[in-house]
1. Let me check against my output: what whole-number percent is the relative contact order of segment 125-190, with C-alpha pairs under 8 Å and at least 6 apart?
2. Relative contact order of segment 90-142, please, whole-number percent, based on alpha carbon pairs below 8 angstrom and at least 6 residues apart.
3. What is the packing order of peptides 184-190, 95-101, taking the mean over residues of other C-beta atoms within 10 Å and listing the highest first?
4. For T83, what accessible area in Å² do you get when you roll a 1.4 Å probe over the heavy atoms of the protein chains, rounding to the nearest 10?
5. In whole Å, what are the Cα extents of the chain along the three principal axes, biggest one first?
6. State the answer as a single residue: which of Q109, L190, S248 lies farthest towards the positive end of the charge dipole of the chain, with beta carbon charges of +1 for Lys and Arg and -1 for Asp and Glu, about the Cα centre.
7. What is the magnitude of the charge dipole of segment 125-257 about its Cα centre, with +1 placed on the Cβ of each Lys and Arg, -1 on the Cβ of each Asp and Glu, and no other charges, expressed in debye to the nearest 20?
8. With a point put 7 Å past each Cα toward its Cβ, work out how far F21 is from R33 in nm, to one decimal.
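The values are calculated or read from the model by the stated rules, or taken from the named source; none is laboratory data. Predicted model, so just to flag it, every value in this text is computed and none were measured. Cβ atoms come from the backbone with ideal geometry, glycine included; neighbour counts cover every protein chain shown. These accessible areas exclude ligands, DNA and RNA; they are computed on the full protein's heavy atoms, side chains included. Shrake-Rupley method; radii C 1.70, N 1.55, O 1.52, S 1.80 Å.
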Amino acid sequence: MPEILQNHLLFLFLKIYGVLFVLGPIVLRATFRFRAKLDPQLVPKEALPPAVQGFMMTRSAGITGLGFEPVGYIRISMVSGGTQSFMALFSNPRTLEWADVSVAQSSKQMKGYIEFITRCSNDSQVDTNTNPTAPVLSPSPSYHVFRFPQIKDAFTLYRVHRMMVQQNLGGSKPELPPKGQELAELKRRLERYGVRQQERGYMYLDAAGESYRLTWKGAALGAWRSIWPISAIRNFLMETQSQSLLRSQGVAQMRST
């Protein structure tokens with residue numbers, strides 16, 4: 001009897017899983033929208049939700065301690081779905097690099113990470129961050145993104161970032177907008193995401209020119225890679241690979257927060 005019950009539960013699980021594989025891409029393609037034009041706004045710290053403020057405050061000191069100067073707090077409303085994004089943005093006029101603490105908040109959850117960015121051109125950039133979630137879509141080959149969720153402090157992350165820049169950009173000269181033009185550059189950089197995904201065949205611009213929507217290719221990848229346990233396996237593999245990369249660079253020991 002227990003064996004019959006186990007077989008029944010296994011069959012039910014596979015049946016539900018099969019339905020998710022079929023319906024997931026259909027539902028995601030019908031509902032997903034990424035705004036083609038974004039409007040990041042500088043806001044006072046007090047305008048941020050309390051949880052967002054707390055997340056940013058505990059991480060900003062480590063970034064300024066590396067010589068980065070605060071640009072301001074930024075709110076980017078409703079990038080996709082019901083998600084709001086917030087950012088504490090920093091720049092380093094000496095090294096010509098960006099840094100930020102990014103937070104995405106929806107009605108159900110809040111996620112955030114820190115990152116360093118060195119940009120030399122539209123198609124030459126290194127982004128090193130602590131985002132714990134493996135991407136469901138793919139950047140262009142020359143847009144190098146490294147995720148190290150096991151790193152807990154800005155000092156170690158920046159050390160690794162400089163190594164990744166040297167390996168992937170070599171002697172290319174970084175670019176940083178003039179003081180006062182940071183928000184315009186951030187807007188351009190954020191809106192470039194939809195363009196990149198369209199170039200890769202994952203998104204297309206709707207007829208009104210207001211939002212990017214998923215192609216069937218993008219919807220299938222986005223849905224299937226987000227289904228448990230595939231999402232958990234991908235996150236585990238990403239962290240394992242990043243840990244191996246850290247060891248190869250001699251950065252096996254992580255500093256604490």
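1. 33 percent
2. 24 percent
3. Working: 184-190: 16.0, 95-101: 23.1.
The packing order, highest mean first, is 95-101, 184-190.
4. Solvent-accessible area, nearest 10 Å²: 40 Å².
5. For the chain, the Cα spread along each principal axis is 70, 49, 38 Å.
6. S248
7. Using only the charged Cβ atoms, the result is roughly 280 debye.
8. 3.2 nm
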